[in-house]
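The values are calculated or read from the model by the stated rules, or taken from the named source; none is laboratory data. It should be emphasised that the depicted structure is a prediction, and the values quoted were computed from it without experimental measurement. For neighbour counting, all protein chains shown are included, and Cβ atoms are generated from backbone atoms with ideal geometry for every residue, glycine included. Keep in mind that these areas ignore ligands, DNA and RNA; they rest on the heavy atoms of the full protein, side chains included. Shrake-Rupley method; radii C 1.70, N 1.55, O 1.52, S 1.80 Å.
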Amino acid sequence: MSWVEGAAGSPYGTHNLPYGVFRHAGRAPRIGVRVADFVLDLDGAEAAELILAGGALRRPVLNEFMALGRAQWAAVRERIVVLLTDPGHRAAVEPLLVPLAEVELVLPFEVGDYVDFYSSEHHASNVGQILRPGQPPLLPNWRHLPIGYHGRAGTVVVSGTPVARPRGQRRGSDGPVFGPSARLDIEAEVGFVVGIPSPLGARVPVAKLAQYVFGVVLVNDWSARDIQAWEYQPLGPFLGKSFATSVSPWVVPLDALAGAWVPAPPQDPPVLDYLRDVPHLGLDLRLAVDWNGTRVSEPPFASMYWTPAQQLAHLTVNGAALRTGDLYASGTVSGPARGQVGSFLELTWGGTEPVTLADGTTRTFLVDGDTVVISATAAGPDGTTVGLGEVAGTVLPAEPD
Ligand code: CA
């Protein structure tokens, strides 16, 4: 049992311990770990030699710590649990606890490369039906490989960062028109953060996920559907996505999610050997999407067709190197029901079926001033819950010309 006030029964008890980077009292950003409604200052803990990580916890981002690898991640995690549970450490550690309400959380890692997959069968088939009616909902390659694209790492922002409505080209009745997107949307996703790098030319096999991946964040892949629809052929998403991608401030270590692995949906036809993961497991993360405070969807991550291990194996099968801080996102998480979809494109069926929010207003796509919060929980050990925090963002009007 932790001596920290509120830790018992909290989704952020010592079974979770997500890492983040915070600012407090005008100081430079510091690495911390969340426990209950506090942040334990790990920079201060390493400075006081309460934890030893070769100085990696005394940096303004998590990258150097994430590059240490699984054995060190486990050792530091174990040590943090000791510090937060052994009453003998309380006097030294308690002054390093900062109330969460007093900190500003910043982007916790320097993002290397950013890849976004398209791995929900329900999402891909909904989008197929909406955009290509009368044709097979899935394209012929979809069940053979996890489809993805390279996104823009430099515009990954932390939760709470406002998102200005992008301008761009869209299809008009008489040629292209330029202006603010009229179909601004979200994509509720789960992101995997790479810890240790891999050399150019080496593949990372499906069985090595936990060796390379440090932890998990929530992702909102903001999407301008009208810009996307006009630009995406033949090379895929570009400016309709790259204006902003939001991530949650807490990186939940894979170790905290050890109890959340469940069998992933069966794959038919059988996949090629390099994609065969035995056992074939996905994470049972329960996502929720709130639109101006109204819960509009609860996407189940366990329903994803392609698993994080398969995505990582596919990402590197051509010999592409991994870098510390690489982020690969799952793709929009959508379950089989309308109340389980991860985009408003699907929720309103291409904008044809508006939803009503709690204040009585209706929506198809995002209106300036709207706030979207994506949150998630998972089952932890011994009946506990693991909180994954949230990724929030408010839409601002397009920048003036
Ligand atoms: Ca996406």
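Can you compute the label reach from Gln169? Point 7 Å from Cα along the Cβ direction, backbone N cut-off under 18 Å, restricted to region 224-264.
From region 224-264, the list is 224-243.
Measuring from centroid to centroid over Cα atoms, what is the spacing of region 335-401 and region 7-46 in Å?
Their Cα centres are 27 Å away from one another.
Modelled label-to-label distance, Thr362 and Val177, 7 Å Cα→beta-carbon offset: nm?
2.1
What percentage of all Cα-Cα pairs in region 123-219 are separated by more than 21 Å?
The share of Cα pairs beyond 21 Å in region 123-219 comes to 60 percent.
With no solvent and one point per C-alpha, what does the Debye sum give as log10 I(q)/I(0) for region 316-401 at q = 0.14, 0.23 Å⁻¹?
Listed by q, the Debye log ratios stand at -0.80, -1.24.
At R0 = 41 Å, how high is the FRET efficiency between Ala379 and Arg27 if r is their beta carbon distance? Nearest 0.05 is fine.
After rounding, the FRET efficiency stands at 0.70.
For region 19-106, what Kirkwood radius comes out of the mean inverse Cα-Cα distance, in Å?
Computed over Cα pairs of region 19-106, the Kirkwood hydrodynamic radius comes out at 13.0 Å.
I'd like to check one number: the per residue accessible area of the chain, probe 1.4 Å, reported in Å² as a whole number.
With all protein chains present, the chain gives 41 Å² per residue.
List the residues of region 144-170 whose backbone N lies under 18 Å from a point placed 7 Å from the Cα of Thr394 along the Cα-to-Cβ direction.
Taking a point 7 Å out along Cα→Cβ of Thr394, the residues of region 144-170 whose backbone N falls under 18 Å are 157-166.
Quick one: Cα centre-to-centre distance for region 199-276 and region 94-125, in angstrom?
13
Take the Cα pairs of region 256-364, get the Kirkwood Rh, then feed it into Stokes-Einstein at 10 °C and 1.306 mPa s and tell me D in µm²/s. Write out the running numbers ahead of the final one.
On the way: Rh = 16.1 Å.
Taking Rh from Cα pairs, D becomes 99 µm²/s.
How long are the semi-axes of the equivalent ellipsoid of the chain, defined as square roots of 5 times the Cα gyration tensor eigenvalues? Whole Å, largest first.
For the chain, the semi-axes come out at 35, 25, 20 Å.
Need the full-extension length gain, Asp86 to Arg143, defined as separation in residues times 0.36 nm minus the C-alpha distance. One decimal, nm.
On the way: separation 57, 0.36 × 57 = 20.52 nm, distance 5.00 nm.
Computed gain between Asp86 and Arg143 is 15.5 nm.
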